[in-house]
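**Student:** Got a structure for you, written out below as structure tokens; questions coming shortly.
Every number here is computed from the coordinates shown, using simple stated rules; none is lab data. Nothing here was measured: the structure is a model prediction, and the numbers come from that model. Every residue, glycine as well, gets a Cβ built from its backbone with ideal geometry; the counts of neighbours run over all protein chains shown.
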Amino acid sequence: MDTTPPKKSGLGPEALHALSNHLAVIVGFIELVLTETGPDDPRHGDLEEIRQAAHECAKIVSGSHNASA
């Protein structure tokens, strides 16, 4: 009987780390641009949406990274 645990599908730790780094850059740039725009700026809502999406992706990546470790 094979007692080898099943392999997890998905991204490996190196890919998750790289993705996490890229998301950090995206969040950093969005935060910078948000400090330069006010709520009355027509781009502000879109920038907030991008920031929120990047944070949500970072949570997913972080959870996946912890599960793959």
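**Student:** Report, in debye and to the nearest 20, how large the dipole of region 6-63 comes out about its Cα centre when Lys and Arg carry +1 and Asp and Glu carry -1 on their Cβ.
**Tutor:** Numbers: 5 positive and 9 negative charges, 114 e Å.
With only Lys, Arg, Asp and Glu charged at Cβ, the dipole is about 540 debye.
**Student:** Moving on. In whole Å, how far is the Cα centre of region 10-26 from that of region 30-67?
**Tutor:** Taking the Cα centre of each part, region 10-26 and region 30-67 sit 16 Å apart.
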